[in-house]
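Notes to accompany the following structure.
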Amino acid sequence: MMLLPCPWCGPRNVSEFRYAGEAGTRPEPGQATPEQWRRYLYFHTNPAGWVRESWYHGAGCRRYFPLERHTVSNETRATGESR
């Protein structure tokens, strides 16, 4: 069982969460070019190691939060930030 550390609810089973993508900044809708939108939507990194992700706790507090996850071991660590 994989546990994710929700900043508001504490450690919970991963089945309560939804992966919301790589953490990063979204292009400004009125100013982004089609190429910038393509890169944002379809081109994702796939490194072996620590990555910064966004998760949504749908079965709990219903909030989004950033998380760091190791892509090889699935070890997680909180970033100390919350939205």
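Bear in mind these aren't lab numbers, they're just calculated from the coordinates by the rules spelled out. These numbers were taken from a predicted model, which means no experiment stands behind them. Reconstructed Cβ throughout: ideal geometry from the backbone, glycine too, with neighbour counts over all protein chains shown.
Starting with the fewest neighbours, write out Ser54, Ser73, Ser15 ranked by other beta-carbon atoms found within 10 Å of each beta-carbon.
Details: Ser54 16, Ser73 8, Ser15 11.
Listing Ser54, Ser73, Ser15 from fewest to most nearby Cβ atoms yields Ser73, Ser15, Ser54.
GNM, the chain, Cα, under 10 Å: largest mean-square fluctuation among Tyr56, Tyr40, Tyr64?
Maximum fluctuation in the GNM of the chain, among the listed residues, is at Tyr40.
Which residue, Phe43, Phe65, Phe17, tops the fluctuation ranking in a GNM of the chain built on C-alpha contacts under 10 Å?
In this elastic network of the chain, the residue with the biggest mean-square fluctuation among Phe43, Phe65, Phe17 is Phe43.
List, largest first, the extents of the alpha carbons of the chain along their principal axes, each in whole Å.
The principal-axis extents, from largest down, are 40, 28, 21 Å.
Mind checking the full-extension length gain between Thr33 and Thr45? Use 0.36 nm per residue of separation minus the Cα-Cα distance, one decimal, nm.
Values: separation 12, 0.36 × 12 = 4.32 nm, distance 2.04 nm.
Contour length minus the Cα-Cα distance gives 2.3 nm.
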